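Q: One structure follows; several queries about it will come next.
The values are calculated or read from the model by the stated rules, or taken from the named source; none is laboratory data. Fair warning: this is a prediction, and the values are worked out from it, not measured in the lab. Here Cβ is always computed from backbone atoms with ideal geometry, including for glycine, and neighbour counts include all displayed protein chains.
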Number of protein chains: 2
Amino acid sequence: MRQSHLFTKTRKEAPADEVSKNAQLLIRAGFIHKEMAGVYDYLPLGLKVLENIKNIIREEMNTIGGQEVFLSTLQDKDAWEKTGRWSDEVIDIWFKTKLKNDTEIGLASTHEEAMTKIMAHHVQSAKDLPFSVYQFQNKFRNETRAKSGIMRTREFIMKDLYSFHTSQEDLDEYYEKVSVAYTRIFERVGLGESTYKTFASGGIFSKFSHEFQTISDTGEDTMYVHEDKKIAVNKEVLTNEVLAELGISRNDLVEKKAIEVGNIFKLGTRFSEPLELSYVSENGEKKPVIMGSYGIGPGRLMGTIVESLSDDKGIIWPKEVSPFAVHLLRLGTGEESLKVANELYADLRKKSIDVLYDDRDLRPGEKFADSDLIGIPVRLVISDKTLAENKIEIKYRTSPDSELVTREEVMKILSQ
Amino acid sequence: MRQSHLFTKTRKEAPADEVSKNAQLLIRAGFIHKEMAGVYDYLPLGLKVLENIKNIIREEMNTIGGQEVFLSTLQDKDAWEKTGRWSDEVIDIWFKTKLKNDTEIGLASTHEEAMTKIMAHHVQSAKDLPFSVYQFQNKFRNETRAKSGIMRTREFIMKDLYSFHTSQEDLDEYYEKVSVAYTRIFERVGLGESTYKTFASGGIFSKFSHEFQTISDTGEDTMYVHEDKKIAVNKEVLTNEVLAELGISRNDLVEKKAIEVGNIFKLGTRFSEPLELSYVSENGEKKPVIMGSYGIGPGRLMGTIVESLSDDKGIIWPKEVSPFAVHLLRLGTGEESLKVANELYADLRKKSIDVLYDDRDLRPGEKFADSDLIGIPVRLVISDKTLAENKIEIKYRTSPDSELVTREEVMKILSQ
């Protein structure tokens, strides 16, 4: 796309009340807009990143057999009363509102109740199981403090997967599959090295649940990391008994701040029993369905990428999530530079390479600053200077050095 | 996809409290689930249709230069007070809720205020205009009655496009472009012939706005149609003056029930003035931006397609919106039918033809009934009978007749 057509402009300063690095950079670069504390809008560049992250997650969910659905935000209180979660004392981040006839309804902060209710219409016998469904849906949480930019918001897109089984063994097996898929997701979005699968407290149905935590100084969570063994443990389960079970010593653990980027949880029959989701087994017995739930917030992931991968000049997007593959900057004002830049732009588009083309009449310094702030992985520059050598300058956002290459070489590098 | 893996099951009966044909059929066929009156969940088949409709709309919006964004549901009341629309007496379908500190916030029923506020950060001079942005976002409307299935709901996905201009002429020109794009959208989703661009009441900034109305006995709107001239007029603007202006006589108009499937509206400076969205013109003057807004509800469109295109056996999806291109039914239980059906399924997938493969062990009558109910345009049947002739049966959902063809012919027909 031509940058002159993009309606967003970069800014030198973030809003004064915005204290988080991720939102400061994303607002300055024109990726998001702050509607109010803890509520953000996604502008074209931000939506492209969000969709790239969603597509990575979608691919991995489809690979493990997930079927995509889209559930409502508005929630009838009936199911939540049956599971004991309607009360504001149990779920303390409810947003509630009312129908015209004064009936109270809720805004979903999660969808276990709704999913379980739906499945009661589609599951009859053991033959109908197992299966898994997922969605990308806005969740609403009435957070008291919302100062972490897009990492903790009052409204956010969540990918939530739910699985349905006849036995604990079958759930255990699928749970491991999801864990592997999650690891792939964090690798693909560029957070593989800094993200740990950590032991967190379980529930009635399993000793542990697991979180995926990305090490970051701005994280709200504290975890204890065994760097050699790549094991991490949440504070809440850091007991001598657990340490012994995991075969690690407290002395080898390092305390780290971290951001929770995903969690996986064995629900067992916590929801299927009160909501009567059952199946008839092969010997004619009625049994409750065994469930698991698995969450990742694409927006929080985007914020975590910005927190983890940025420098004093701006954002550094990993290849798979970048809003564009290439940022093409035309610096010269002469006819020749215009001609060559337009041609290269057309060539790149012909090869289906997604390119942001800075065709604006601005000073080179402004264009370079914008390019570093926006953070596309590859920058190409066409200027009178590069044209004198019949070359194009290529620079990677992760490297301080640039290089002069021919047009053929550019196309070859970018087609890889 | 293999139908044995699809978690949804068809039903013989819709819920007793569901009075609309669209929701009855969509629930029976497993496309949607009713969360409560006026609130529905999209299950895998339903979400596929919804996404197909969204993608058609997205393509047409991109063609006219729309830039996609994604705005929040939660709304700060400040902007709505400035435009005089915060009061429940002005907007009588508000859902409101509260932050922990008792601050009242709203759930967006539309996004003029939010869009206008954002643009004030990105528009400075005439050079920054014109442009247009759109989104697909959940809207919330506290409807008193919600008995039209997915056509009038309390929560629904809306495509809303907003355009920003320096002059009325520029707005007028873009408004015509949107009108053409809308006509293409209704054609592509299979409603071209029954959808009219109708004259509706305007506002301060134009004599008329326009709605797109699809003729349907279940429509909530009444319009007056000049069938020869393909002109339609809403009741509210049916005056002698307007008739004279359009050059039509009242006697030639036929009254029809219709469903509003889209609307386009010239906002002028209705929002830019109170929310101070202005630009500096070439001669240094500060001027308010001229705006337009344009809506289509993909869910309502889906409901309208079902209302318009169905028979007593079920839904009849047009090609571009169908959840799958082909429904492949294996009827025989012998090894040969299993082998041939599996091979054909693999061949179709290799050609990237989206196929639902009914591989379940059910009686032929059940499979035929499900196939008619679900409504995929092309049905292929492999049975012991067709195999005896070394053929495959092909039948179009719109035709009562079937035909026996070779495997090569099937591939040829479907690759078109």
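Q: Which residue, of A:301, A:267, A:243, is in contact with an Asp or Glu (Cβ under 9 Å, 6 or more places away or on another chain), buried (at least 18 other Cβ atoms within 10 Å of the Cβ) and within 23 Å of residue A:199 (Cα to Cα)? Steps first, please.
A: Values: A:301 fails: in contact with an Asp or Glu (Cβ under 9 Å, 6 or more places away or on another chain); A:243 fails: in contact with an Asp or Glu (Cβ under 9 Å, 6 or more places away or on another chain).
Of the residues listed, the single one that is in contact with an Asp or Glu (Cβ under 9 Å, 6 or more places away or on another chain), buried (at least 18 other Cβ atoms within 10 Å of the Cβ) and within 23 Å of residue A:199 (Cα to Cα) is A:267.
Q: Please pick out the residue among A:403, A:389 that is more than 21 Å from residue A:321 (Cα to Cα), free of Cβ contacts under 8 Å to residues at least 12 places away in the same chain and surrounded by fewer than 19 Cβ atoms within 10 Å (Cβ to Cβ). First the steps, then the outcome.
A: Numbers: A:389 fails: free of Cβ contacts under 8 Å to residues at least 12 places away in the same chain.
Criteria check complete, one pass: A:403.
Q: Here's a follow-up. With the structure loaded, tell me whether residue A:276 is of a type outside the set (A, V, I, L, M, F, W, C) and either in contact with a Lys or Arg (Cβ under 7 Å, 6 or more places away or on another chain) or surrounded by 21 or more Cβ atoms within 10 Å (Cβ to Cβ) (or both) or whether it fails that test. So that I can check it myself, show each step before the final result.
A: Working: of a type outside the set (A, V, I, L, M, F, W, C): yes; either in contact with a Lys or Arg (Cβ under 7 Å, 6 or more places away or on another chain) or surrounded by 21 or more Cβ atoms within 10 Å (Cβ to Cβ) (or both): no.
So residue A:276 does not fit the description; no.
Yes or no, residue by residue, for (1) at pLDDT below 95; (2) farther than 26 Å from residue A:47 by Cβ:
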site: A:332; (1), (2): yes, yes
site: A:353; (1), (2): no, no
site: A:368; (1), (2): no, no
site: A:381; (1), (2): no, yes
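Q: Count, please, the residues in the stretch A:148-207 that happen to be farther than 21 Å from residue A:93 by Cα, of a type in the set (S, T, N, Q) and crowded, with 19+ Cβ neighbours inside 10 Å.
A: Residues in the stretch A:148-207 being farther than 21 Å from residue A:93 by Cα, of a type in the set (S, T, N, Q) and crowded, with 19+ Cβ neighbours inside 10 Å: 4 in total.
Q: List the helices (runs of 4 or more DSSP H) inside the stretch A:301-390, counting only whole elements, that have at least 3 residues being among the aliphatic types (A, V, I, L, M).
A: Working: elements: A:335-350, A:364-374, A:384-388.
Once the helices (runs of 4 or more DSSP H) in the stretch A:301-390 are filtered for at least 3 residues that are among the aliphatic types (A, V, I, L, M), what remains is A:335-350, A:364-374.
Results for (1) within 14 Å of chain A (Cβ to nearest Cβ); (2) farther than 29 Å from residue B:232 by Cβ; (3) aromatic (Phe, Trp, Tyr); (4) without any contact (Cβ under 8 Å) to a residue 24 or more places away in the chain, shown as yes or no for each residue.
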position: B:116; (1), (2), (3), (4): yes, yes, no, no
position: B:120; (1), (2), (3), (4): yes, yes, no, no
position: B:140; (1), (2), (3), (4): yes, yes, yes, no
position: B:176; (1), (2), (3), (4): no, no, no, yes
position: B:185; (1), (2), (3), (4): no, no, no, no
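Q: Go through the stretch B:106-153 and give me each residue that's over 30 Å from residue B:165 (Cα atoms) and in contact with a strand residue (DSSP E or B) (Cβ under 9 Å, 6 or more places away or on another chain).
A: Filtering the stretch B:106-153 down to residues over 30 Å from residue B:165 (Cα atoms) leaves B:142-153.
Of everything in the stretch B:106-153, those that are over 30 Å from residue B:165 (Cα atoms) and in contact with a strand residue (DSSP E or B) (Cβ under 9 Å, 6 or more places away or on another chain) turn out to be B:142, B:146, B:148, B:149, B:150, B:151, B:153.
Q: Hey, does the stretch B:317-326 have a residue that's over 25 Å from residue A:68 (Cα atoms) and in contact with a helix residue (DSSP H, G or I) (Cβ under 9 Å, 6 or more places away or on another chain)?
A: Going through the stretch B:317-326, the residues over 25 Å from residue A:68 (Cα atoms) turn out to be none.
Within the stretch B:317-326, none of the residues are over 25 Å from residue A:68 (Cα atoms) and in contact with a helix residue (DSSP H, G or I) (Cβ under 9 Å, 6 or more places away or on another chain).
Q: While we're on this one: In this structure, does residue A:8 turn out to be at the interface with chain B (Cβ under 8 Å from one of its Cβ atoms), crowded, with 16+ Cβ neighbours inside 10 Å and either under 30 Å from residue B:41 (Cβ atoms) or in contact with a His (Cβ under 9 Å, 6 or more places away or on another chain) (or both)? Before the answer, list the steps.
A: Working: at the interface with chain B (Cβ under 8 Å from one of its Cβ atoms): yes; crowded, with 16+ Cβ neighbours inside 10 Å: yes; either under 30 Å from residue B:41 (Cβ atoms) or in contact with a His (Cβ under 9 Å, 6 or more places away or on another chain) (or both): yes.
So residue A:8 fits the description; yes.
Q: Among the residues of the stretch B:11-36, which ones are surrounded by 17 or more Cβ atoms within 10 Å (Cβ to Cβ) and either facing chain A (nearest Cβ under 7 Å) or out of contact with any helix residue (DSSP H, G or I) (no Cβ under 8 Å at 6 or more places or on another chain) (or both)?
A: B:27, B:33, B:35, B:36
Q: Does residue B:316 fit the bill of being in contact (Cβ under 8 Å) with a residue 12 or more places away in the chain, closer than 30 Å to residue B:136 by Cβ and among the hydrophobic types (A, V, I, L, M, F, W, C)? Working first, answer last.
A: Working: in contact (Cβ under 8 Å) with a residue 12 or more places away in the chain: yes; closer than 30 Å to residue B:136 by Cβ: yes; among the hydrophobic types (A, V, I, L, M, F, W, C): yes.
Yes.
Q: A follow-up question, please. List the number of the failed condition for residue B:108; all other conditions in (1) at the interface with chain A (Cβ under 9 Å from one of its Cβ atoms); (2) under 24 Å from the mean Cα position of the chain (by Cα) hold.
A: (1)
Q: If only one of B:41, B:88, B:128, B:102 is acidic (Asp, Glu), facing another protein chain (nearest Cβ under 8 Å) and more than 27 Å from the chain's Cα centre (by Cα), which one is it?
A: Step by step, each of B:41, B:88, B:128, B:102 is checked, and only B:128 is acidic (Asp, Glu), facing another protein chain (nearest Cβ under 8 Å) and more than 27 Å from the chain's Cα centre (by Cα).
Q: Being over 23 Å from residue B:130 (Cβ atoms), out of contact with any Pro (no Cβ under 6 Å at 6 or more places or on another chain) and not hydrophobic (A, V, I, L, M, F, W, C): is that true of residue B:166 here?
A: Numbers: over 23 Å from residue B:130 (Cβ atoms): no; out of contact with any Pro (no Cβ under 6 Å at 6 or more places or on another chain): yes; not hydrophobic (A, V, I, L, M, F, W, C): yes.
When the stated conditions are applied, residue B:166 does not pass them.
Q: Scan the helices (runs of 4 or more DSSP H) fully inside the stretch B:1-95 and keep the ones with 1 or more residues being β-branched (Val, Ile, Thr), farther than 27 Å from residue A:64 by Cα and in contact (Cβ under 8 Å) with a residue 24 or more places away in the chain. Break it down stepwise before answering.
A: On the way: elements: B:21-28, B:44-63, B:77-82.
It comes to B:44-63.
Q: Has the stretch A:197-205 got at least one residue that is more than 16 Å from the chain's Cα centre (by Cα) and more than 14 Å from residue A:265 (Cβ to Cβ)?
A: Among the residues of the stretch A:197-205, not one is more than 16 Å from the chain's Cα centre (by Cα) and more than 14 Å from residue A:265 (Cβ to Cβ), which makes the answer no.
Q: Okay, next question. Looking at the stretch B:250-288, which of the residues that are part of a loop (DSSP other than H, G, I, E, B) and in contact with a helix residue (DSSP H, G or I) (Cβ under 7 Å, 6 or more places away or on another chain) is modelled with the lowest pLDDT? Talk me through it step by step, then tell me what you get.
A: Residues of the stretch B:250-288 that are part of a loop (DSSP other than H, G, I, E, B), as a first pass: B:253, B:269-277, B:281-285.
Still in the list and also in contact with a helix residue (DSSP H, G or I) (Cβ under 7 Å, 6 or more places away or on another chain): B:271-272, B:274-275, B:277, B:281-282.
Numbers: B:271: 97, B:272: 98, B:274: 98, B:275: 98, B:277: 98, B:281: 94, B:282: 90.
Among them, the one singled out is B:282.
Q: Does residue A:75 satisfy the criteria of being surrounded by 21 or more Cβ atoms within 10 Å (Cβ to Cβ), at the interface with chain B (Cβ under 9 Å from one of its Cβ atoms) and closer than 30 Å to residue A:192 by Cα? I'd like the intermediate steps shown before the answer.
A: On the way: surrounded by 21 or more Cβ atoms within 10 Å (Cβ to Cβ): yes; at the interface with chain B (Cβ under 9 Å from one of its Cβ atoms): yes; closer than 30 Å to residue A:192 by Cα: no.
No.
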